[in-house]
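Structure first, then comments.
The values are calculated or read from the model by the stated rules, or taken from the named source; none is laboratory data. Remember, predicted model here, so these are calculated numbers, not experimental data. All Cβ positions, glycine included, derive from the backbone under ideal geometry; neighbour counts span all protein chains shown.
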Amino acid sequence: MDIRKQALEILNTNRVAIFIVTYNAEHHIESVLNRIPTWVAEKLSEIYIVDDRSTDDTFRKAKKIQWSEEIVPLRIFQTPHNQGYGGNQKLGYSYAIQKGFDIVVLLHGDGQYAPEYLPHILAAYTENVDAVFGSRFLQRGNAIKGGMPIYKWLGNRILTKIQNALLKSQMSEMHSGYRSYRRSALKQIPFRYNSRDFDFDADIIVQFHAAGLKIKEIPIPTYYGDEICHVNGIAYAWKCIKTFIKFRLMNYEIFYDPKFDIRTDNKYIYTSKAAKNSLHYYIRNLPIDKGKEVVDIGGGTGEAVSRAQAERGVNITIIDQYTTQNDRLKQYVVNLDEPWVEQLSAKKYDIAFALDVLEHLKHPEKGAEEVFKLLKSGGKLYASTGNIAFFVLRLMLCFGSFNYGRRGILDLTHKRLMTINSFRRLLENAGFHVEKIMGFGLPLRDINDNSRLFAFLDTISYLLARIWPSLFAFQILAICHRPDSIEDLMQQTFQAELADHKKQTCVNPD
């Protein structure tokens, strides 16, 4: 394998920059620059140093370095005030994106990571990866031979193992500062939300994992000299573990942090629940007569409930802001925050599904009234929403926590939060008679259908939701009857009188 040939291939086909972070590195910064292989430097687009308001003479010494601009432009910057290790990286990567560099390589101004290994970092990009990290642990025993203190070696090993377990990854080292990234990958992740401290590096690993981006590790030598370590080991370890725990909790929709909210498609997609104790399973298996007219409001693609009913011969119409082609389903693109009748053909339905949709509207009261208008007199409404009085949320409030998420009761797109009583009142004010309220527990089987523990907890959650829905229901289902409206009753009561009045109006329009 010719490392030089591969590195030159990357340098010739990409705009590559080196970003050097410095803080109190006055004794090392010049040697770090001089150790960059000349043939690499000549092919670079730029080298830029960002000094984080060092308290020593780093910035002044960097400015005095004799450097030939014919080799590569050297830019030296200083932050207006100390940003921290993570804050400095945010600035450096934002600069790389703005300047249009294809690849940016991070070096430390204290010389701990060997500039001589830049060709190895660059050569790895021939494998079409999104990031390349140097690892001191890919080759057994190298870290100790390179002078890494035993306590740091042990701490690194334990912490990396814990992080791999939480992330379900297999990285050899998560704490190397020798890193490089493609600009295209950095643009996909919200790294500006990351920590300003040393755990920035933990944040960005999680973000790459969440975005499905590929990190390549290569072996690098370990070097410990007279550089000063600015990391509080115990505090750093806890912050790293906390980052990974937060990400895992966010996957279960228990916690939300925008830095882990990485989605390629920001459309709201109504996800289907398959478990037998779930709301969707119940609606999919409702005994609806063949030929009945059903409108699924906010039903999306129909996967949640409508396709199953359509396959039994039920006539399904979906109204939503997003639709998909399906021969069995009539679909209308409708802005649910505007009057619906003006956007639909004049038709009345026997049954309406409004599953987890009213809480997304700007005015749920108007939405409920629109549902009422769509139904025939005597029609049925199955409407659901999350229960803001769910016991987990009550406990969170006791500890002062109220955290929105990507899905669930505290979905970021929810405009209104409801309890059983407020949901019932909403529907009754729209004219419905609420016949029954059903509670559904956490859809735990959908998280892990193969786990006996999750299956047991799912059953317990389901039973508690049925026994005491106001406290233990994760979702509320209201089964409603659509009675005669005032207009219906007027037509029935004054039918003859109204007909005569209409005739007289036609004969004598004055």
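Laid out as a table, the results:
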item	result
Where residue 457 falls short, out of the listed (1) more than 30 Å from residue 377 (Cβ to Cβ); (2) touching a residue at least 60 places away in the same chain (Cβ under 8 Å); (3) hydrophobic (A, V, I, L, M, F, W, C)	(2)
Selected residue [under 26 Å from residue 17 (Cα atoms), in contact with a Lys or Arg (Cβ under 6 Å, 6 or more places away or on another chain) and assigned by TED's automatic domain parsing to the domain that holds residue 120] from 219, 190	190
Any hit, region 453-460, residues being within 30 Å of residue 316 (Cβ to Cβ) and not in a loop (DSSP other than H, G, I, E, B)	yes
Members of region 386-441 found to be of a type in the set (Asp, Glu) and more than 20 Å from residue 246 (Cα to Cα), listed by number	428, 435
Hits in region 98-130 - residues which are part of a helix (DSSP H, G or I), more than 24 Å from residue 28 (Cα to Cα) and of a type outside the set (A, V, I, L, M)	98, 99, 125, 126, 127
Residues satisfying the stated conditions in region 433-492, i.e. out of contact with any Cys (no Cβ under 7 Å at 6 or more places or on another chain) and β-branched (Val, Ile, Thr)	437, 447, 459, 460, 467, 476, 479, 486
Criterion (surrounded by fewer than 16 Cβ atoms within 10 Å (Cβ to Cβ) and in contact (Cβ under 8 Å) with a residue 60 or more places away in the chain) met by exactly one of 353, 399, 391, 372	391
Residue among 254, 241 that is modelled with pLDDT under 75 and in the same structural domain as residue 188 (by TED's automatic domain parsing)	254
Close pairs from region 201-223: first at negative phi and at pLDDT 95 or above, partner among the acidic types (Asp, Glu) and buried (at least 17 other Cβ atoms within 10 Å of the Cβ), Cβ under 6 Å, at least 6 apart	213/130; 214/130
Only one of 193, 181, 223 that is buried (at least 16 other Cβ atoms within 10 Å of the Cβ) and under 29 Å from residue 47 (Cβ atoms)	181
Leading residue by the ranking (nearest to residue 212 (Cα to Cα)) among those in region 120-172 that are of a type in the set (Val, Ile, Thr) and surrounded by 12 or more Cβ atoms within 10 Å (Cβ to Cβ)	129
Set 446, 458, 411: member being within 19 Å of residue 252 (Cβ to Cβ) and either touching a helix residue (DSSP H, G or I) at 6+ places or on another chain (Cβ under 7 Å) or of a type in the set (Lys, Arg) (or both)	458
Residue within region 83-93 that is assigned by TED's automatic domain parsing to the domain that holds residue 193, surrounded by 20 or more Cβ atoms within 10 Å (Cβ to Cβ) and either in a loop (DSSP other than H, G, I, E, B) or without any contact (Cβ under 8 Å) to a residue 24 or more places away in the chain (or both) present	no
Whichever residue in region 276-323 is of a type in the set (A, V, I, L, M), in contact (Cβ under 8 Å) with a residue 60 or more places away in the chain and closer than 25 Å to residue 469 by Cα and, among such residues, is surrounded by the fewest Cβ atoms within 10 Å (Cβ to Cβ)	286
Selection status of residue 161, among the basic types (Lys, Arg), over 26 Å from residue 32 (Cα atoms) and in a helix (DSSP H, G or I)	yes
Count - residues of region 174-193 that are part of a loop (DSSP other than H, G, I, E, B), modelled with pLDDT of 95 or more and in contact with a Phe, Trp or Tyr (Cβ under 8 Å, 6 or more places away or on another chain)	2
Residue 58 being surrounded by 13 or more Cβ atoms within 10 Å (Cβ to Cβ) and touching a strand residue (DSSP E or B) at 6+ places or on another chain (Cβ under 6 Å)	yes
Selection status of residue 150, at negative phi and without any contact (Cβ under 8 Å) to a residue 12 or more places away in the chain	yes
Some residue of region 396-414 being in contact with a strand residue (DSSP E or B) (Cβ under 6 Å, 6 or more places away or on another chain), in the same structural domain as residue 466 (by TED's automatic domain parsing) and of a type in the set (Asp, Glu)	no
Selection within region 164-173 - in a helix (DSSP H, G or I) and either in contact with a Ser or Thr (Cβ under 7 Å, 6 or more places away or on another chain) or in contact (Cβ under 8 Å) with a residue 12 or more places away in the chain (or both)	166, 167
Residue within region 432-443 that is surrounded by fewer than 21 Cβ atoms within 10 Å (Cβ to Cβ), assigned to a loop (DSSP other than H, G, I, E, B) and of a type outside the set (Lys, Arg) present	no
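For (1) modelled with pLDDT under 95; (2) surrounded by fewer than 18 Cβ atoms within 10 Å (Cβ to Cβ); (3) within 30 Å of residue 350 (Cβ to Cβ); (4) of a type outside the set (Lys, Arg), each residue gets a yes or a no:
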position	(1), (2), (3), (4)
408	yes, no, no, yes
457	yes, yes, no, yes
477	no, no, yes, yes
480	no, no, yes, yes
484	yes, yes, yes, yes
495	yes, yes, yes, yes
500	yes, yes, no, yes
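For every residue, the table says whether it meets (1) hydroxyl-bearing (Ser, Thr, Tyr); (2) without any contact (Cβ under 8 Å) to a residue 12 or more places away in the chain.
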residue: 50; (1), (2): no, no
residue: 58; (1), (2): yes, no
residue: 63; (1), (2): no, no
residue: 68; (1), (2): yes, yes
